[in-house]
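> Sharing a structure here in structure tokens format.
The numbers here are math on the coordinates, done by the rules we state, and not lab data. Remember, it's a predicted structure, so these values are computed and weren't measured experimentally. For neighbour counting, all protein chains shown are included, and Cβ atoms are generated from backbone atoms with ideal geometry for every residue, glycine included.
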Amino acid sequence: MYHEVEGGTEITIKHGYKVWIPPMPEKSAIHGFEKLKKDQKWERTLLPDYWEDRREEEIFKREEWEKMVKDGKIDRKKSHPFVDPVLEKFRRQEFARREEGFWFYNNGEPTYINGSHYYYLNWTRWDHVENDGYPIFYENQIHRFYFRELCETDPRSLGYLIIGPRGFGKSCEEISCIINRITKPPRKKWAAIQSMTEKDAQDVLFIKKVVPMYNDLPDFFKPINDHGTSPVSSLSFKRDRKTGKAAHKVKFDPEDELNNLLSWVGSKEKALDGETLQDIMQDEVGKTEDHIANVSVRTGVNRNSVFRNNRKIGIQRCTTTIEDMDSGGAACLELWDDSDPDKRTANGQTLSSLYKWLVITQECDRRFADDYGRIGPDREIPIEDIDDPDRNGVGKLSGKKMSLLEYHGNERKARMHDPIKLANWVRKHIMSEQDIRIKKGGASTFNQMIINNNRTELMLLKTPLWVRGNFHFEGKPFKSKVYFERDDHEGRWQVSLLLDPNDSNRFHYEEGLNGKKLLVPNNSLKFGAGVDPIKDVKTKNPRASKMSAHFKYKYDDKIDRGKPVEEWESCRYVARYHFRPDDSKDAFMDVAMGMLYFGCWANIEGNIGEFTGWLKSNGMDKFIMTAADFDEPSFESKKSLENSLVSTVEVQQAYISKIRTFIARHLHRRNALPFIETNDQLLDFEIEKVTFFDDVVSLGFCELGDDAIVIEQEVPETESSDWFPEFDISEDTPVLVENYDDEFWKDLM
């Protein structure tokens, strides 16, 4: 399908892939030509009525010939077994269709299915009880099988990742493709099956699917084998080994056996390291738990098994459903993003060397299919024909009709009041690529849909809305200005709003008690910060909690008054820090410089006092928000009102409520919270495990800080345009508005 076909047609399928199909034959040669249009549809080609009788006679004569060969009475190379010419004609027809594909009329439309699709529909028997176990034809399958053949033939592709909802037949389709390839030349090939666990690979896939599917094939599609009818580990296409005198009498040619193998293997990342394979099926990659294997890493290892000696040997076939895609979901989505055909290296490959393919509910809700296998999103059917026990009273509308889009839209609307139920429904019935990023509702207390929509938009941006880098003092610490330096590789900060480097009006100095010189923030009316600190302990433990800080550009009445919320430039998060160096004091210094850079105080969780003590020792007492700064009795610390706010149950409930409000009002603006990692923590947040969610804590403390009583400092008036560079964010990539002379901004962006 990758290579041009003489006289054929190039068509474009989903995700922009281009494939070639062969030229259409004469109309009279297309199957179903002689039928009325309404009767033209996919039909299996059955074994002829005479098959069993003629086959029995053919087998009898072949067995006689085999016996004479074994007895040494006939030279195998100078004689041939009996072949029934009528049966052989049918066999050759089916082998040709298996290789070349098949044309048939479908309600008047000439339709081409490729060889692997024909093999699947006509000869792969499984669990479709309404069709004697054989698959039912649906039009959406056509391009899916085109796509698989494209990946087999495109030298730039080493396989694919297919994601979709449950029930569209992914496992049976993949197994059919693998059996089809391994039961025919080339010889000496190996195909392997991996799944979530070894037990799933062996019991669920191999024993319960591969073996019965193979056993139900017609005998002419079963090569010589030595595995019997109930194998538990592999299908082995070798001849039975002879010993003793029989071994000397029979001289077999190497071509008498394929010597191919299909087996299940373990799930570990290096289970196939160093091997050479024609096909590797990785089932449920999104549900493979991280402690078993990181599937993104495993596909990287397996890549070297299908690409050997600088040439393509085989392909990886990765599939998964979205439902329950949690433990391995992040690695799977990383693999998905790395398999985007629009993001290729200069060598023409995707980052994963795989191609992606999405199956959505509009393609596979078979209740809305017509007699010709067409599933139309707008096709209406009677309500009573929608057999769904969870339809919540839809049956009361008996006599009416409903389309697929209307039905699933109603189901989503009915769950809008409960984000967890809605997220779980969407995962079972995905309708767009955005839906595959929906995380399981679980115990999260925040609106899953809004966060996921924001997260998806951020992930699809070609360039993030922030730059990575670090803050530095121009001179001596705490006695000079702070500036930002971009560092895309080792930057510890993500910053989406850069201040004018010429502005020196962000903090000033005052005389404190005993002549102590104090630094005082000037910009706490415009900026706020929340910090979840760490203990002052040196550690190299990668699992140790990290210091987290979020900085917010508060609502600015000067620039956003009268504008709709969607157009606000303020009321958004502009910086994130989430890091733990070996020495915690390095993190203290990082966050302190952030506070000085933005010139604002910070609401610091007071359960751990080392950071606030360190700030005070460096003259930053007035950069620390205290419980006394809140006009809220329940926030009073048990110790002193001079202390930072302690994360009590009341405080946690307060910041959770504040975060919910921020999400509902502002997260439809993609720049309101542009940090994907923070969005991830909001999705996973569980109040019972709050210590695991330092980003949420710092975000919550920042939100609470909006309610603190700020005493305005007497500082020189400045316009907003003097403070901030202007960016056009109407497109995917923020563009600096050309109204600054300082080259600093252009260099950063």
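> Could you work out the relative contact order of region 25-113, using alpha carbon pairs under 8 angstrom and six or more residues apart, expressed as a whole percent?
44 percent
> Only bridges whose two residues both fall in region 253-388 count here: according to DSSP, what percent of them are antiparallel, nearest 5?
Around 50 percent antiparallel, to the nearest 5.
> Still on this structure, please answer the following. Please tell me which of these pairs span more than 25 angstrom C-alpha to C-alpha: K37/K89; K14/K199; K208/K421; K209/K287; K89/K188?
Exceeds cut-off: K37/K89; K14/K199; K208/K421; K89/K188.
> Relative to the present Cα-Cα distance, how much length would full extension add between E130 and E474 at 0.36 nm per residue of separation?
Full extension of this stretch gives 116.2 nm more.
> For K479, give me every one of the lysines with a C-alpha distance below 24 angstrom, ignoring sequence neighbours fewer than eight places off in its own chain.
Once the sequence-local lysines are set aside, what remains near K479 is K516, K517, K526, K585, K616, K622.
> With a point put 7 Å past each Cα toward its Cβ, work out how far T45 is from M449 in nm, to one decimal.
Label at T45, label at M449, 4.9 nm between them.
> Roughly what % of DSSP beta bridges within region 137-359 run antiparallel, to the nearest 5?
Percent antiparallel among DSSP bridges in region 137-359 is about 25.
> Could I ask something else about it? What is the Cα radius of gyration of region 543-612 over 2.2 N^0.38 Å, N being its residue count?
1.39
> Another one. Specify the inter-centroid distance of region 510-531 and region 220-235, based on alpha-carbon positions, in whole Å.
Rounded to whole Å, the Cα centres lie 78 Å apart.
> Among E406, E605, rank each residue by its count of other Cβ atoms within 10 Å, from fewest to most, as a rough exposure measure.
Ranked by crowding around the Cβ, least crowded first: E406, E605.
> Given labels modelled 7 Å from the Cα in the Cβ direction, how far is it in nm from E275 to T463?
With each label point 7 Å from Cα toward Cβ, the separation is 4.5 nm.
> Follow-up question, since we're still on this one. What is the angle, in °, between the Cα long axis of helix 448-460 and the longest principal axis of the Cα atoms in the chain? Nearest 10 is fine, range 0 to 90.
Approximately 80 degrees, to the nearest ten.
> Let me ask another. Once the other residues with Cβ under 14 Å from the Cβ of E511 are scored (Lys, Arg +1; Asp, Glu -1), what is the net sum?
So the surrounding residues net to +1.
> As a test of understanding, state the convex hull volume per residue of region 25-113 from its alpha carbons, in Å³.
Each residue corresponds to 122 Å³ of Cα convex hull volume.
> Could I ask something else about it? Once fully extended, how much extra length lies between T691 and I559, figured as 0.36 nm per residue of separation less the alpha-carbon to alpha-carbon distance?
Full-extension gain reported as 43.8 nm.
> Would you give the gap between the C-alpha center of region 400-462 and the C-alpha center of region 1-46, rounded to a whole Å?
Region 400-462 and region 1-46 have Cα centres separated by 36 Å.
> Exposure proxy check: R317, R561 ranked by fewest other beta carbons within 10 Å?
Listing R317, R561 from fewest to most nearby Cβ atoms yields R561, R317.
> Using alpha-carbon positions, what is the distance between the centroids of region 585-620 and region 126-200, in Å?
The distance from the Cα centre of region 585-620 to that of region 126-200 comes to 57 Å.
> I've got another one for you. So what is the relative contact order of region 137-359, in percent, for Cα pairs below 8 Å that sit 6 or more residues apart?
This gives 29 percent for region 137-359.
> Modelled label-to-label distance, N618 and D582, 7 Å Cα→beta-carbon offset: nm?
2.0 nm
> Sum -39500 (n - 2.57) across every DSSP H segment of at least 4 residues in the chain, then divide by the residue count to get the 222 nm mean residue ellipticity, nearest 500.
Taking each H run of at least 4 residues, the total per residue is -8500 deg cm²/dmol.
> Write down the percent of antiparallel bridges among all DSSP beta bridges whose residues are both part of the chain, to the nearest 5.
65 percent
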